[in-house]
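**Q** Once you've had a glance at the structure underneath, I'll fire off some questions.
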Amino acid sequence: MRDVFEDIHEHRDDPTESARRSMRTPLRKRFYEAVSVGEISEGGFPVLLDGRSVRTPAKRLLGAPDRRIAEALVAEWDAQKDEIDPAKMPLTRLANSIIDGVADNRAEVAAEIEKYLGTDMLFYRAPEPEGLVAMQTEHWDPLLNWARDDLGARFVLAEGVMHVEQPAHAIEAARKAIPGDTWRLGAANAITTLTGSALIALALNAGRLDAEQAWAAAHVDEDWNMSLWGRDEMALKRRAFRWDEMKAASLVLAR
């Protein structure tokens, strides 16, 4: 399946650009009739097209560690009609990324999440207006309290955007909550990138909040600005695409 997913796989860090690239590339006609979950093997539950396995861009078997995720992958492939549109297959893109990019690089991926713990957006608060301050407090303080009480990580807050150095002990305590499992790690990394917050990703992984709550927390500033200046249709289109990515990653983290 390399001809279907290669471009998106190589540009997975920018989902909006991935969507644009897929729109510029002629879509491949659907070439299969039936989609199913295969019998479990060393690589998990494989996705089968007309009884034949699917390959990732790196030529590995496309599958999932449990049947729930595999069935969601199957549903995504089965939803393709006359053409296969990778832009509408966020879980498959995430699976490719995990299988090809995370499985052999878990330490590096965990380190990427850890970097966010030093500059997490939840630490940087607006001094005004009152409404924005209240929204940040409502959505962000419970996550910081969770990090303090459950993880033992006490972070420092700052007003504005000037960098504030976080205590090493806080980062170390939160780092221990980064999942070690390949699929959960890959999903947490995707959510960290999508939201700009490692703490949101770790809280979602821990079941402290659901996908919609996490998404609302990630867009406090954007929602506040739109409440003042009106809807930004272009931004909302980008956000809708990223929301699909978020739902896919959240499905992997669901317990």
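The values are calculated or read from the model by the stated rules, or taken from the named source; none is laboratory data. Remember, it's a predicted structure, so these values are computed and weren't measured experimentally. Cβ placement follows ideal geometry from the backbone for every residue including glycine, while neighbour counts extend to all protein chains displayed. Keep in mind that these areas ignore ligands, DNA and RNA; they rest on the heavy atoms of the full protein, side chains included. Shrake-Rupley method; radii C 1.70, N 1.55, O 1.52, S 1.80 Å.
**Q** Assuming 0.36 nm per residue, please report the length gained on full extension of the stretch Arg148 to Lys29 beyond their Cα-Cα distance.
**A** On the way: separation 119, 0.36 × 119 = 42.84 nm, distance 5.14 nm.
Stretched fully, the Arg148-Lys29 segment lengthens by 37.7 nm.
**Q** In what sequence, highest mean first, do 131-139, 238-246 appear when ranked by Cβ atoms within 10 angstrom? Intermediate results must be reported in sequence, preceding the final value.
**A** Values: 131-139: 15.4, 238-246: 17.3.
The packing order, highest mean first, is 238-246, 131-139.
**Q** Taking the highest mean first, how do the peptides 54-67, 101-114 order by number of other beta carbon atoms within 10 angstrom per residue? The partial results should precede the final answer.
**A** On the way: 54-67: 17.9, 101-114: 16.0.
My ranking of the peptides, most packed first, is 54-67, 101-114.
**Q** Give the long-range amide H neighbours of Arg28: residues separated by 5 or more places, or on another chain, with amide H under 5 Å away, using H modelled in the peptide plane at 1.01 Å from N.
**A** Distant-sequence amide H within range of Arg28: Ile84.
**Q** Let me ask something additional. In nm, what is the difference between 0.36 nm times the number of residues separating Arg60 and Asp223 and their Cα-Cα distance? The partial results should precede the final answer.
**A** Working: separation 163, 0.36 × 163 = 58.68 nm, distance 4.04 nm.
Difference between extended and current length: 54.6 nm.
**Q** Could you work out how far apart the two model spin labels at Asp181 and Met162 are, taking each label as a point 7 Å from the Cα in the direction of the beta carbon, and quote it in nm?
**A** Between Asp181 and Met162, the simple spin-label model gives 4.3 nm.
**Q** Based on the alpha-carbon gyration tensor of the chain and its eigenvalue square roots a ≥ b ≥ c, which shape applies: rounded if a/c is under 1.5, prolate if not and a/b is larger than b/c, or oblate? If you can, show how the numbers build up before the last one.
**A** Numbers: a/c = 2.41, a/b = 1.60, b/c = 1.51.
In terms of gyration-tensor shape, prolate.
**Q** Then there is this: Run the reach check for Lys29 against lysines, Cα to Cα strictly under 27 Å, same-chain hits fewer than 8 apart removed. What comes back?
**A** List returned: Lys59, Lys81, Lys88, Lys237, Lys247.
**Q** Oh, and also: What percentage of the solvent-accessible surface of the range 37-160, computed with a 1.4 Å probe over protein heavy atoms, is contributed by carbon and sulfur atoms?
**A** C and S atoms contribute 48 percent here.
**Q** Rounded, prolate or oblate: pick one for the range 107-255, where a ≥ b ≥ c are the square roots of the eigenvalues of its C-alpha gyration tensor, a/c under 1.5 means rounded, and failing that, prolate if a/b is larger than b/c, else oblate.
**A** On the way: a/c = 1.88, a/b = 1.16, b/c = 1.61.
Here the range 107-255 falls in the oblate category.
**Q** Taking all protein chains together and a probe of 1.4 Å, list Ser197, Ser53 from the most accessible to the least accessible. List each step's numbers first, then the result.
**A** Working: Ser197 0, Ser53 60 Å².
From most accessible down to least: Ser53, Ser197.
**Q** Averaged per residue, what accessible area in Å² does the chain show with a 1.4 Å probe, protein chains only?
**A** On the way: 13070 Å² over 255 residues.
Value for the chain: 51 Å² per residue.
**Q** Now a separate question. Can you sort Ile171, Ile84 by 1.4 Å-probe accessible area, starting with the largest? Don't jump to the answer; show the numbers that get you there.
**A** Values: Ile171 35, Ile84 0 Å².
Reading off the accessible areas and sorting them downward yields Ile171, Ile84.
**Q** Using a/c under 1.5 as the rounded threshold, could you call the range 212-255 rounded, prolate or oblate? The axes a ≥ b ≥ c are square roots of the C-alpha gyration tensor eigenvalues, and prolate needs a/b larger than b/c, oblate otherwise. Don't jump to the answer; show the numbers that get you there.
**A** Values: a/c = 4.91, a/b = 1.89, b/c = 2.59.
Since a/c reaches 1.5 but b/c is at least a/b, the shape of the range 212-255 is classed as oblate.
**Q** For Arg125, which sequence-distant residues (separation of 5 or more, or a different chain) have an amide H within less than 5 Å of its own amide H, given hydrogens modelled in the peptide plane?
**A** Answer set, sorted by chain and number: Ala158, Glu159, Gly160.
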